[in-house]
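Heads up: the structure comes next, in C-alpha cells.
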Amino acid sequence: MDCSVVGEVDKEHEWINITALSSFLSTTLSILWMIISFIRSRFIIPEMVPWGGLSCCLSAAALYLLGRSSGRDAEVLKSVTRVNQLKDLAQLLDTASKVLPLVVTISGRVGSDTPINCEYSGLRGVIVEETAEQHFLKHNDAGSWIQDSALMLSMCKEVPWYLDDGTGRTFVVGGRGATGLVLTVGSEVFEEAGRSFVRGTLDYLQGLKMLGVKRIERVLPVGTPLTVVGEAVKDDIGTVRIQRPHKGPFYISHKTIDQLIANLGRWARWYKYASMGFTAVGVYLLVKHTFHYMMERKRHWELRRRVLAAAAKRAGHEDEGSNATAENGVDNKKDLLMPNLCVICLEQEYNSVFVPCGHMCCCMTCSSHLTNCPLCRRRIEQVVKTFRH
C-alpha cells in the first residue's frame with residue numbers, strides 16, 4: 001500500500017472521529033430535549049426549572065467523562081510494552097509474569113495463508129465487509145418524488161491473519177471488534193434496476209420507482225501496515241497471538257503507537273474544551289434564569305402588597321361611607337365609595353379582563369406590560385377591554 005492510500009485512510013479516520021463527535025453531541029442533545037419535553041408535559045410549573053442550563057450542564061458532564069476516558073486510554077497506551085521485533089515476543093512471553101496479562105504493541109504488515117478474493121475490486125484481504133443498499137424514489141403525501149434507500153445486505157468475513165515485520169509472525173484474533181479499525185473502500189458499484197414493465201407498474205402503484213442497488217465493498221488488504229495493541233498470549237501449541245484483553249485496550253490502527261497516543265490526547269483536550277464551553281453556557285443560563293426568577297418573585301410580592309394595600313384602603317372608605325349613611329340617613333354611597341383602581345398604578349380604574357383566568361384588576365395601559373396575571377400568576381393569552389358604568 002503506497003503513501004497516498006495511507007494518507008487517504010488517515011483522513012478517513014479523522015473524518016470518522018469528527019463525525020462520531022458530532023453524532024454524539026446531536027444524540028445527547030436530542031435525548032435531553034426528549035426528557036425535558038416529557039417532564040414539561042407532566043408538571044404544572046415548568047417555568048421554575050432552567051431547562052436550557054440543565055441540558056448544557058449535562059452535556060458538559062458527558063463530554064468531561066469522554067475526555068477523561070480518552071485521556072485514560074492515552075495514559076494506558078503510554079504504559080504498554082513496545083515490541084520492536086516480532087521475533088522477541090515469544091521470549092518476552094516466557095519471561096513475563098503469569099499473573100498479570102502482557103499488553104503489548106506490535107507493528108507489521110497484514111498477511112494470511114487463506115486470504116479472501118474480493119468479488120468486485122479484485123483485492124485480496126483478510127477482513128471483507130459487503131453492504132448492499134436498495135435505492136428508490138418514494139412518492140410522498142405532497143405529490144413529489146423523494147430519493148430514499150434501504151439496507152438489503154450487510155455481511156462481514158474474516159479469515160485467520162497475522163502481522164509480519166520480516167523477523168517473525170504474530171496472529172491477531174478478533175480484529176473485527178478492535179477500536180480504531182478502518183476498512184478501505186475497495187469498490188463501490190451501482191447496479192441499475194431492471195426494466196420489467198410488470199414490476200415497474202406494480203412498484204409505481206405502490207408509490208415507488210426502483211433505481212438500483214448500490215454495493216459497497218470494504219476490505220483490509222493484504223500487505224497493509226498496521227499497529228496492534230492487545231494482550232499477547234500463547235495457545236496450546238505455542239503459537240503467539242494478540243487478542244482483546246479482559247480489561248485493557250485493544251487497538252488496530254494504521255497509525256503508529258505515538259500517533260495513537262497523540263490523537264487520543266488531542267481528542268481528550270477537545271472534549272475538555274467543549275465541556276468547559278458547555279459549562280460556561282450552562283452556568284450563564286442558570287444564573288440568568290435565577291436572576292429573572294428572583295426579580296419575578298420580587299415583582300409578584302410587590303404587586304401582592306399593592307393589591308392588599310388597595311383592598312385595605314377600599315375597605316376603609318366603604319366603612320366611612322356606610323357610617324356616614326347611617327348617621328345622615330341619606331344614600332350617598334356612590335359619592336363616598338373608593339373607585340375601583342388598577343392594582344398596578346393605583347391611579348386609573350381597572351377596565352381589562354385577562355383571558356383565560358377571567359380576573360379584572362388592571363387598566364389597559366398596565367395590562368399591555370404584563371405577561372402573567374397579578375392575582376393567579378397564570379399566563380395572559382388575551383386582554384379584553386371592558387366598559388363599566
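Read-outs throughout are calculated quantities, based only on the coordinates presented, and are distinct from any laboratory measurement. Not measured: the values here are computed from a predicted model. With ideal geometry, Cβ positions are generated from the backbone for all residues, glycine too; neighbour counts draw on all protein chains shown.
Highest mean packing comes first when the peptides 216-227, 299-310, 143-154 are listed by Cβ atoms within 10 Å, giving 216-227, 299-310, 143-154.
Report, by chain and number, residues whose modeled amide H sits under 5 Å from the one on Arg377, excluding near sequence neighbours (fewer than 5 apart, same chain). Correct list: empty. Of the residues Phe171, Phe387, Phe278, the one with the fewest other Cβ atoms within 10 Å heads the list, and the complete ranking is Phe387, Phe171, Phe278.
Backbone phi angles across the stretch 226-237, fed through the Karplus curve with coefficients 6.51, -1.76 and 1.60 (θ = phi - 60°), yield HN-Hα couplings of 9, 10, 10, 10, x, 8, 8, 9, 10, 7, 5, 9 Hz in residue order; Gly and Pro are listed as x. The phi torsions of the stretch 249-254, fed into the Karplus equation with coefficients 6.51, -1.76 and 1.60 and a -60° offset, translate into couplings of x, 9, 10, 10, 9, 7 Hz, rounded to whole numbers, with Gly and Pro shown as x. Residues whose amide H lies under 5 Å from that of Asn372, counting only those 5 or more places away or on a different chain, are Ile380; hydrogens are built 1.01 Å from N in the peptide plane. Distance between the C-alpha centers of the stretch 56-71 and the stretch 338-363? Whole Å please. Spelled out, the Cα-based centre of one part sits 52 Å from the other.
For Gly168, the residues whose modelled amide H falls within less than 5 Å of its own, excluding neighbours fewer than 5 places apart on the same chain, are Leu86, Lys87. Sorting 110-119, 268-277 by their mean Cβ neighbour count within 10 Å, with the most densely packed peptide first, gives 268-277, 110-119.
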